[in-house]
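Heads up, the thing below is written out as structure tokens.
The values are calculated or read from the model by the stated rules, or taken from the named source; none is laboratory data. Keep in mind the model is a prediction, meaning the values are calculated, not measured. Every residue, glycine among them, receives a Cβ derived from its backbone with ideal geometry; neighbour counts consider all protein chains shown.
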Amino acid sequence: MGRVAVTGAAGFIGSHLSERLLADGFEVTGIDSFTDYYSPERKREHLAKAIGHERFTLVEEDINTCDLAGLFAGCECVFHLAAQAGVRRSWGAEFNHYVESNILATQRILEALRELDSVKLVYSSSSSVYGETRNLPMKEEHPLRPISPYGATKLSAERLCDLYHVNFGVRYSALRYFTVYGPRQRPDMAFSRFIMGALNSDPLEIYGDGKQTRDFTFVSDAVEANMQAFRYEGEQRVFNIGGGSRVSILDVLGIMKRELGRNLDIRFVDRAKGDVTDTWADTTAARRELGFRTSVSLEEGLKAQIEWYRSRMRKTGGDTVGSG
């Protein structure tokens, strides 16, 4: 196997992908600046297995300032997962961070790849690029009208990938993830908040009425999509990656209640700006071109995420399960 690079290697999906690449025999350069969006210590926990591996090299640098051409030379692929995440925090003064991390960083990567025509880019995009729509399921060719600054920056980065492909021949695939969940999920995401709150017997805040739906995707299925996109040599550039588990938040809470074996203290609060009502991925292109198939049901995936938090709670001492 050859060498690859993973940006955002200490993150939720990035750490799982790094482990998969190592298991498949690759030499992996993981790049992460350990920003404080959530606890850097928790991110280091994510990388514990990878850091101990002889074929893993961790580069603790900022994509906007490091020598990317040097880091990418000799690689077969760059998996670009680093980003400033989160719809709700992307408004106001925080927007600068989203521009720097999601747009400018992607442009620097593309500039480096201009001179490295043998290296493919697999870019992690988001279903947030679609925005609010009743045109379901969402297809790659549907209008793209993000309703959050976060979604706008992810779409801008997608457009940059295409510009560099058309003008300089940069090879890329863009994966539009639909609500990825599982062990190591960011603590600000809904499943993490619900599980942490329930295990700590805290109230669970639900934005809106809970009837909004999402197409939930287990992290191992998202990782498999990255591997398939890496190997893909066809003409399709953008793929929806969804888990086929489109259910309402209220339905998720029902499953969670059964898995946890306890009642949940649910509190409804105002819907957050930038949150869409429904998502649902049409994965026809990914299934046809990549061979993408999901392998983990929502019930199985939620059980795995709950057990991960229970294990972390045992290690960190009860109520610290919710920390960063």
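Sort through Asn96, Asn102, Asn64 and tell me the only one that's surrounded by fewer than 22 Cβ atoms within 10 Å (Cβ to Cβ) and touching a helix residue (DSSP H, G or I) at 6+ places or on another chain (Cβ under 7 Å).
On the way: Asn96 fails: touching a helix residue (DSSP H, G or I) at 6+ places or on another chain (Cβ under 7 Å); Asn102 fails: surrounded by fewer than 22 Cβ atoms within 10 Å (Cβ to Cβ).
Testing whether each residue is surrounded by fewer than 22 Cβ atoms within 10 Å (Cβ to Cβ) and touching a helix residue (DSSP H, G or I) at 6+ places or on another chain (Cβ under 7 Å) leaves just Asn64.
Taking the residues in region 250-264 that are out of contact with any Asp or Glu (no Cβ under 9 Å at 6 or more places or on another chain) and among the hydrophobic types (A, V, I, L, M, F, W, C) as candidates, determine which candidate is nearest to Lys139 (Cα to Cα). Reasoning before the result, please.
To start, the set of residues in region 250-264 that are out of contact with any Asp or Glu (no Cβ under 9 Å at 6 or more places or on another chain) comprises 251-254, 256-257, 260-264.
If we keep only those that are among the hydrophobic types (A, V, I, L, M, F, W, C) as well, we get 252-253, 256, 260, 264.
Working: Val252: 24, Leu253: 28, Met256: 30, Leu260: 35, Leu264: 35 Å.
Across region 250-264, the extreme among qualifying residues is Val252.
Looking at the structure I just gave you, is Glu233 on the phi < 0 side of the Ramachandran plot, within 15 Å of the chain's Cα centre (by Cα) and acidic (Asp, Glu)? If you could, list the steps in order and put the result at the bottom.
Numbers: on the phi < 0 side of the Ramachandran plot: yes; within 15 Å of the chain's Cα centre (by Cα): no; acidic (Asp, Glu): yes.
In short, no.
Scan region 235-251 residue by residue and report those that are of a type in the set (S, T, N, Q) and either crowded, with 20+ Cβ neighbours inside 10 Å or farther than 16 Å from Phe194 by Cα (or both). Spell out the reasoning first.
Of all residues in region 235-251, those of a type in the set (S, T, N, Q) come to 236, 240, 245, 248.
Listed by number, the residues that qualify are Gln236, Asn240, Ser245.
Working only within region 265-295, note down all residues that are part of a loop (DSSP other than H, G, I, E, B), in contact with an Asp or Glu (Cβ under 6 Å, 6 or more places away or on another chain) and of a type in the set (Val, Ile, Thr).
Correct list: Val276, Thr279, Thr294.
As an exercise: evaluate Asp282 against (1) modelled with pLDDT of 95 or more; (2) touching a helix residue (DSSP H, G or I) at 6+ places or on another chain (Cβ under 9 Å); (3) surrounded by 13 or more Cβ atoms within 10 Å (Cβ to Cβ) and give the number of the one condition it does not meet.
Every condition holds for Asp282 apart from (2).
Output the number of the condition that Gly210 fails; it satisfies all remaining conditions of (1) over 30 Å from Glu76 (Cα atoms); (2) touching a residue at least 60 places away in the same chain (Cβ under 8 Å).
Failed condition: (2).
Please determine, by comparing only the residues of region 75-88 that are out of contact with any strand residue (DSSP E or B) (no Cβ under 8 Å at 6 or more places or on another chain) and within 19 Å of Ala10 (Cβ to Cβ), which one is modelled with the lowest pLDDT. Spell out how you get there, then give the answer.
Start the filter on region 75-88 by keeping residues that are out of contact with any strand residue (DSSP E or B) (no Cβ under 8 Å at 6 or more places or on another chain), which leaves 84-88.
Then keep just the ones that are within 19 Å of Ala10 (Cβ to Cβ); that gives 84-86.
On the way: Gln84: 95, Ala85: 93, Gly86: 89.
Per the stated criteria, the residue is Gly86.
Which residues, counting only those in region 1-44, are over 20 Å from Val119 (Cα atoms), in contact (Cβ under 8 Å) with a residue 24 or more places away in the chain and among the charged types (D, E, K, R)?
Hits for region 1-44 are Glu19, Glu41, Arg42, Lys43, Arg44.
Return the residues of region 247-274 that are touching a residue at least 24 places away in the same chain (Cβ under 8 Å) and more than 23 Å from Gly182 (Cβ to Cβ); say none if nothing qualifies.
Of everything in region 247-274, those that are touching a residue at least 24 places away in the same chain (Cβ under 8 Å) and more than 23 Å from Gly182 (Cβ to Cβ) turn out to be Asp265, Arg267, Phe268, Val269, Asp270, Arg271, Lys273, Gly274.
Please state which one of Ser124, Ser128 is modelled with pLDDT of 95 or more and in a strand (DSSP E or B).
On the way: Ser128 fails: in a strand (DSSP E or B).
The conditions single out Ser124.
Taking helices (runs of 4 or more DSSP H) that fall entirely within region 1-97, which contain at least 3 residues that are under 21 Å from the mean Cα position of the chain (by Cα)? Don't jump to the end; show me each part of the working.
Details: elements: 12-23, 40-46, 48-51, 68-72.
Per the criteria, 12-23, 40-46, 48-51.
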